[in-house]
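Report on the following structure.
The values are calculated or read from the model by the stated rules, or taken from the named source; none is laboratory data. What you see is a predicted model, and the numbers here were worked out from it, not measured in a lab. Please note: Cβ atoms are built from the backbone with ideal geometry, for glycine as well, and neighbour counts cover all protein chains shown. The protein model used for the area step is the full one, side chains on, heavy atoms only, and it has no ligands, DNA or RNA in it. Shrake-Rupley method; radii C 1.70, N 1.55, O 1.52, S 1.80 Å.
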Amino acid sequence: HSQTKEETTELFKKCSDVMTTLRTMRQPSIARVQGIATAAGCQLVLSCDLALCSAEARFGMSGIRVGAFCSTPAVALSRSGVPSKQALQLLLTGDLVCAETALSYGIIGKVVDGELLEEETLSLARKIAANSPHGVQLGKQLYYQLDDCGTLEEAYALATDK
């Protein structure tokens, strides 16, 4: 059966809650993408703090191809630092981009050979875990607070106060 407007709204709210939690939780989150990440899958990658993918991975915002618009994924895309021309091209065409293009857009942080993806991801997690938990938590929190500052002066004032 097709979903009612209320069911769709509830689903989008739950999805938004997950994405918000990824940003606000103290621990860093790492996305690992082996295949295709579209719409909410791409939103999930964008919402994680770090992201690695295999060279075969593809990314996109496919809702437009079925008569919809990726509205909640657009939030993550618009706030991720992906330039607006590239973001709108993804959102308005529904095209998939390859791993190297996703890297150049800033959707992911590193492209690795598919056979090494799991080990590279675990290695990154171990490297972070070997650091001071307090420092990692403070660093993640401060980074996003700095990103939300309106001016350079506000950002330096915030960073000086920490």
Under a 1.4 Å probe, counting only protein heavy atoms, residue 144 has an accessible area in Å², nearest 10, of 40 Å²
The distance between the Cα centres of region 24-81 and region 97-160, in whole Å, is 15 Å
A correct Karplus calculation of ³J(HN,Hα) over region 39-45, with 6.51 cos²θ - 1.76 cosθ + 1.60, θ = phi - 60°, whole Hz and x for Gly and Pro, returns 6, 5, x, 5, 4, 4, 4
When the chain is treated as a Gaussian network with springs between alpha carbons less than 10 Å apart, the largest mean-square fluctuation among 102, 37, 125 is found at 125
Largest-first semi-axes in Å of the equivalent ellipsoid built from the Cα gyration tensor of region 1-76 are 23, 18, 9
Here the gain from full extension of residue 2 to residue 136, 0.36 nm per residue of separation minus their alpha-carbon distance, amounts to 43.9 nm
Most fluctuating of 81, 135, 60 in the GNM of the chain (C-alpha, under 10 Å) is 135
Largest fluctuation, 18, 33, 45 only, Gaussian network model of the chain with Cα springs under 10 angstrom, belongs to 18
Packing-ranked peptide list from 19-25, 61-67, highest mean Cβ count within 10 angstrom first, is 61-67, 19-25
Nearest-0.05 FRET efficiency for residue 155 and residue 104 at R0 = 30 Å, using Cβ-Cβ distance, is 0.70
Of the candidate values (1) 270; (2) 98; (3) 134, the one computed for volume of the Cα convex hull per residue in Å³ from this structure is (3)
antiparallel share of DSSP beta bridges within the chain, to nearest 5, in %, is 25 percent
Once phi for every residue in region 149-162 is put through the Karplus expression 6.51 cos²θ - 1.76 cosθ + 1.60 (θ = phi - 60°), the whole-Hz ³J(HN,Hα) values, with Gly and Pro written as x, are 5, x, 10, 4, 4, 4, 5, 5, 5, 5, 5, 5, 6, 7
Per the helix-only model, the chain has a calculated mean residue ellipticity at 222 nm (DSSP H runs of ≥4, -39500 (n - 2.57) each, divided over all residues, rounded to the nearest 500) of -17500 deg cm²/dmol
